[in-house]
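What follows is calculated from the coordinates using simple rules that are stated; it is not laboratory data. As the structure is a computational prediction, the values presented were derived from the model and not from experiment. We place every Cβ from the backbone using ideal geometry, glycine too, and count neighbours over all the protein chains shown.
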Amino acid sequence: MQFTSERRLDDGVLEREFILDEIPGILWTPASASAPVPLILLGHPGGLSRMYPRLADRARHSAAEGFATATIELPGSGDRPRSEAAEQARADLRRALAAGEPVGDEIVDRLILPLVEQAVPEWRTTLDALLALPGIGGPVGYSGGVIAIGTRLAVVEPRISAAILFAGSFVPRAVFEEARQVTIPLHVLLQWDDEGNDRQAALDLFDAFGSEEKTLHANMGGHTGVPKFAGDAAAQFLTRHLK
């Protein structure tokens, strides 16, 4: 892990950009800590520079609770190399949505499954590097989307103790089988009127999760309209499980 920049935000949070195996990422750590702090991995739908304001806001709120947070760029997003197959799947998705047609499983599989296969090992490698840094310990939580990535991580990564999953992306049928293997505590956020989300699929996925503790918070509004109180409740969930 090579740090490429470092700055203090106005609330004292230390923000460091890094490169790991040619993958860009950002690490935020609290202004001060007397012992190694828990870590939250911040998931997002790609485009780190575009997502930065929301990610930084989440990171600063987490730092106030004593957590370090980190994120990485998704495959095929930002300045990372594009996949011709993923670009074609994305174009087919847009055409179906523009025509008011149902989005078929074949399009969703082509778009999401290769992303999960590449992103999850990258997240695990990043977690190795982060936990080797002084000042960062455990436990570890995951917060964000793409929900299929978060689901796979919850199954294969034993160091993740709890997860907040954002239901705002399409879900391949294969992910429903994986969801039955998830056992960690879950807090799922669903925007009821999310124009780019299959609401029934999100509800079915929540039902499939095998966790004994799982909570669904559904709110009216579109994809980016998560109310502040819903974000506060999600933060309290991680505080409860990671401290």
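Computed quantities for the displayed model
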{"quantity": "Distance in nm between pseudo-label sites at ARG54 and GLN200 (7 Å out along the Cβ direction from Cα)", "calculated": "2.6 nm"}
{"quantity": "R0 of 30 Å, Cβ-Cβ distance ASP21-ALA99: FRET efficiency to nearest 0.05", "calculated": "0.15"}
{"quantity": "Inter-probe distance in nm under a simple model that places probes 7 Å from Cα toward Cβ, at THR215 and LYS243", "calculated": "1.5 nm"}
{"quantity": "Surface/4 estimate of mean projected area, convex hull on alpha-carbon atoms of the chain, nm²", "calculated": "12.3 nm²"}
{"quantity": "Dipole of the chain, positive direction: furthest Cα of MET1, SER169, HIS61, with charges on the beta-carbon", "calculated": "HIS61"}
{"quantity": "Extension gain, THR224 back to GLN118 (0.36 nm per residue minus Cα-Cα distance, nm)", "calculated": "35.6 nm"}
{"quantity": "Taking LYS214, LYS228, LYS243 and counting other C-beta atoms within 10 Å, the order from fewest to most", "calculated": "LYS228, LYS243, LYS214"}
{"quantity": "Kirkwood Rh in Å, taken over all unlike Cα pairs in the stretch 1-132", "calculated": "16.3 Å"}
{"quantity": "CD proxy at 222 nm, helix term only [per DSSP H run n ≥ 4: -39500 (n - 2.57); per residue of the chain; nearest 500]", "calculated": "-13500 deg cm²/dmol"}
{"quantity": "Translational diffusion of the stretch 44-93, µm² s⁻¹ [Kirkwood Rh, Cα pairs; Stokes-Einstein; 10 °C; 1.306 mPa s]", "calculated": "127 µm²/s"}
{"quantity": "THR4 paired with ASP79, simple spin-label distance in nm, labels 7 Å along Cα-to-beta-carbon", "calculated": "0.4 nm"}
{"quantity": "Segment ALA35-GLN236, length gained on full extension (0.36 nm per residue, minus Cα span)", "calculated": "70.3 nm"}
{"quantity": "Nearest 10 degrees, 0 to 90: helix 105-131 Cα axis against the chain principal axis", "calculated": "10 degrees"}
{"quantity": "Dipole magnitude (debye, nearest 20) for the chain, charges at Cβ of Lys, Arg, Asp, Glu", "calculated": "540 debye"}
{"quantity": "Residues listed by number, the stretch 165-185, amide nitrogen under 16 Å from ASP109 label point at 7 Å toward C-beta", "calculated": "171-178"}
